[in-house]
Amino acid sequence: MSDDLESTFIAEFDGLCNSTRMLVFTMSSLEAWALLSHVQLACRHPENTGPTRAIAVRIARQMQRQIAPDGALAIVAEQGWHKEFDQ
């Protein structure tokens, strides 16, 4: 990353951190499931330990409670957070 791009990114990212702007997304339950699954997969990366990981997990857990509140979907969704269920 060039120095100019890096400094501009840092300034813009700081703006995101200080923003109160809320975003609203509309997606199907299947799309939410796909996004949840991909967040779980990304969380498997051993170097994914930063503060944005915690934000992604918090949001994905909220989605999980909405799309898989009970039944087999809930069980499988929860297993996605636990390495021992990886295949």
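Each reported figure results from applying straightforward, stated rules to the coordinates on display, with no laboratory input. What you see is a predicted model; the values in this text were computed from it and never measured. We place every Cβ from the backbone using ideal geometry, glycine too, and count neighbours over all the protein chains shown.
Assorted remarks:
- Dipole orientation for segment 26-85: of the candidates Ala32, Thr52, His82, Thr52 has the Cα lying most toward the positive pole (charges on Cβ; Lys, Arg +1; Asp, Glu -1).
- Cα gyration tensor shape of segment 26-85, rounded if a/c is under 1.5, else prolate or oblate by comparing a/b with b/c: oblate
- Applied to segment 62-68, the Karplus parametrisation 6.51 cos²θ - 1.76 cosθ + 1.60 on θ = phi - 60° returns per-residue 3J(HN,Hα) values of 5, 4, 4, 5, 7, 8, 9 Hz, with x for Gly and Pro.
- Of the residues Gly15, Gly71, Gly50, the one that moves most in a GNM of the chain with alpha-carbon contacts below 10 Å is Gly15.
- Karplus-derived 3J(HN,Hα) values for segment 34-40, using 6.51 cos²θ - 1.76 cosθ + 1.60 with θ = phi - 60°, are 4, 5, 4, 4, 6, 5, 4 Hz; glycine and proline are entered as x.
- Structural descriptor for segment 26-85: relative contact order 41 percent, calculated from alpha carbon pairs under 8 angstrom and at least 6 residues apart.
- The slack between His45 and Ser19, meaning 0.36 nm per residue of separation minus the straight C-alpha distance, is 6.5 nm.
- From phi via Karplus (6.51, -1.76, 1.60), per-residue ³J(HN,Hα) for segment 9-19 in Hz, x at Gly/Pro: 4, 4, 5, 5, 5, 4, x, 4, 5, 9, 7
- Test item: Cα-centred dipole of the chain, Lys/Arg +1 and Asp/Glu -1 on Cβ, debye: 440 debye
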